[in-house]
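Contents: one structure, followed by commentary.
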Amino acid sequence: MRMNRKKWLLAGGAALLSVWAVFSSDEIGAYVQSVNRTSASAYLYTEPAAQAEIPPREAIFSAADNDLLLIIQQEAEKRRVPPIDARVDRVWKAIPGYNGLEVDVEQTWKLALQKGKGGEIPFVYKQVLPSVRLEDLGPHPIYKGNPHKPMISLMINVAWGNEYIPGMLEVLEKENVKATFFFDGSWLSKNIETARTIQEKGHELSNHAYSHKDMSKLGREETVREIELTQKLLKEKLGVDNTLFAPPSGDFSELTVKVAYEMNLKTVLWTLDTVDWKKPPSDSIVRKVAARVEPGSLILMHPTESSLGALPGMIAEIKGKGLKLGTVSELLSSDRIDP
């Protein structure tokens, strides 16, 4: 019996010496303390029971690290903003969706660990797509963007009035604003260089049919022709893969919208009309925009003297309301505005 006990003690001593060879006394003390003050939940992963007695040191996180993860997870729930689905409104027809926002817990935790103790947690966010998007709604006209998106868009329909385009481009460039120009095809065929200049300034180029006809009076074949001719010019002369169609004079039928949809084009109208073709005083346009503009507004303009004079004041009023100005495609996308 005594010999067996002696052998057991000698074997135990040899085992302890083996552990000592692997870890320094400081490391053993730190390891024992960490095991005493943490539970199994302190590990990022769980190994099989036979291998879990002495996990690799890099797999062990302190209780403080895991408390930090818990705090981030709890805060993430508070900060989550759910996405908004696209929908068909009784008045405004197709309304785009708007992405949600949530904390990327893993990336936030990693950055917080790198930053160390003290200071604010560097929250990292990611966008969450709506379940229903604008493309899922089918053929419907669009009059405005999502009202939760703090952006508006200037849509400039061009079929005449070249003399005011350079001045408008100058104002837009000075204010760092990108607009969407909808070109009448017959105008575009004669003014490719002007259109190219607009394109080089970073503006969006889109389709305004070919010969400014009342689209509601056209059959399918002529509707296709009116849209297709301008699409071809945009692609072949300017390299534009266009996705938008603005019917001349805002005149359209159910057939117009359906044909455009079949051609992968969204039919775009407007929320707010400057009625600049009636040559109103520029300051009256500015007052009108200031009173009526809201998140998601599509503002219709033309290259006229009235709009040229009103443009600086309009932009100032829009920016003063905390709204960003973007192209029509940017406005209609579900992408969130970066705060």
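Here are the numbers for the structure shown:
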| read-out | value |
| --- | --- |
| Hits in the stretch 305-339 - residues which are among the hydroxyl-bearing types (Ser, Thr, Tyr) and not in a loop (DSSP other than H, G, I, E, B) | SER306, SER307, SER329 |
| Residue in the stretch 266-287 that is assigned to a helix (DSSP H, G or I), small (Gly, Ala, Ser), under 23 Å from MET151 (Cα atoms) and out of contact with any strand residue (DSSP E or B) (no Cβ under 9 Å at 6 or more places or on another chain) present | yes |
| Close pairs (9 angstrom Cβ cut-off, 6 or more residues apart or separate chains): surrounded by 21 or more Cβ atoms within 10 Å (Cβ to Cβ) in the stretch 318-336, modelled with pLDDT under 95 anywhere | GLY326/ILE337 |
| Given (1) of a type outside the set (A, V, I, L, M); (2) crowded, with 21+ Cβ neighbours inside 10 Å; (3) more than 26 Å from GLU317 (Cβ to Cβ), index of the condition ASN146 fails | (3) |
| Count of residues meeting criterion [assigned to a loop (DSSP other than H, G, I, E, B), within 19 Å of SER334 (Cβ to Cβ) and open to solvent by 40 Å² or more (accessible area, probe 1.4 Å)] in the stretch 84-111 | 2 |
| The stretch 200-214 residues that are within 12 Å of LYS232 (Cα to Cα), paired with ones that are in a strand (DSSP E or B) and not aromatic (Phe, Trp, Tyr) (beta carbon under 9 Å, 6 or more apart) | SER206/MET155; SER206/THR180; SER206/LEU244; SER206/VAL268; ASN207/LEU244 |
| Criterion (under 31 Å from the mean Cα position of the chain (by Cα), within 22 Å of LEU325 (Cα to Cα) and either hydroxyl-bearing (Ser, Thr, Tyr) or open to solvent by 50 Å² or more (accessible area, probe 1.4 Å) (or both)) met by exactly one of LYS201, LYS235 | LYS201 |
| Residue within the stretch 274-294 that is closer than 26 Å to ALA86 by Cβ and touching a residue at least 40 places away in the same chain (Cβ under 8 Å) present | yes |
| Test: TYR98 is among the aromatic types (Phe, Trp, Tyr) and under 24 Å from ALA246 (Cα atoms) | yes |
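The values are calculated or read from the model by the stated rules, or taken from the named source; none is laboratory data. Predicted model only: the values in this text are computed from it and were never measured. Heads up, the Cβs are rebuilt from the backbone with ideal geometry, glycines too, and the neighbour counts pull from every protein chain shown. Surface accessibility is based on the protein's heavy atoms, side chains included, excluding ligands, DNA and RNA. Shrake-Rupley method; radii C 1.70, N 1.55, O 1.52, S 1.80 Å.
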